[in-house]
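S.K.: This structure is in structure tokens; I'll ask about it shortly.
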Amino acid sequence: MSGIPENQRHYEPFVDLEIKTGHDDKDVESYKRELDIEKAIARTEYQINGINYKREYFASAVDQVILVKFTADQQGKINTKARLRRLGATDKIEQYSHYLDEVYTVENNTVICNGGSGGCNQQSGTNFYGGLKVKTKGGIIQVIGETIIIEDADEAIFIVGAATNYYHDNPESILKYQLESV
């Protein structure tokens, strides 16, 4: 259910994690997905050019974060670009619009965004902070604009956190703690 008009910021999803690997669907072989209910982990596995890739997804209620882990069976094969996106005045995924009041970098592996559900007036509505942090084994991490770029890594772990002023007086500090404590 949503409001009228549907593009009001009050009824927007928080953020989407967009990860681009550069892998072409037509090159994928041995594609497999699974959900391990006992361990609460979703997995995707596939092969491209003889390299086996694995992605694992986990949400931690205790840590208040979502984790996505990319691995390959050969060293230096994880090459991705990742960022947080928000739908704006459109419901078409290919036509993202920021509706974020600010996006900034923390260190060389973390991007934080913030905004408000009641517009950019920080005194009304619910204000939010969202963050994406990347940890790797090997390789290079750099941030260009709002995009985190991973090159030639053996493994990459994407950590997504969020906090609002609904429960917290300082959601930015809560978010930074979430991202650091994992």
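S.K.: Using a 10 Å cut-off around each Cβ, can you sort Y129, Y57 from fewest to most neighbouring Cβ atoms?
M.R.: Going from sparsest to densest Cβ surroundings: Y57, Y129.
S.K.: Within 10 Å, count the other beta carbons around each residue, average over each peptide in 36-45, 137-146, 152-161, and list them highest first.
M.R.: The peptides rank, most packed first, as 152-161, 137-146, 36-45.
S.K.: Further question on the same structure: Take the Cβ-Cβ distance between T126 and Y31 as r, set R0 to 41 Å, and report the resulting FRET efficiency rounded to the nearest 0.05.
M.R.: Calculated transfer efficiency: 0.55.
S.K.: For every other residue with a beta carbon closer than 13 angstrom to the beta carbon of V182, add +1 if it is Lys or Arg and -1 if Asp or Glu, then tell me the sum.
M.R.: Surrounding charge for V182 is +2.
S.K.: Beta carbons within 10 angstrom, averaged per residue: use that to sort the peptides 107-114, 48-55, highest first.
M.R.: Put in order of decreasing packing, that is 107-114, 48-55.
S.K.: What does the charge add up to near V143, with Lys and Arg as +1, Asp and Glu as -1, over the other residues with Cβ less than 12 Å from its Cβ? Write out the running numbers ahead of the final one.
M.R.: On the way: positive: K81, R83, K133; negative: E107, E146.
Value of the local net charge: +1.
Bear in mind these aren't lab numbers, they're just calculated from the coordinates by the rules spelled out. Everything quoted here is computed from the prediction, not taken from an experiment. Cβ coordinates were reconstructed from backbone atoms using ideal geometry, including for glycine residues, and neighbour counts include every protein chain displayed.
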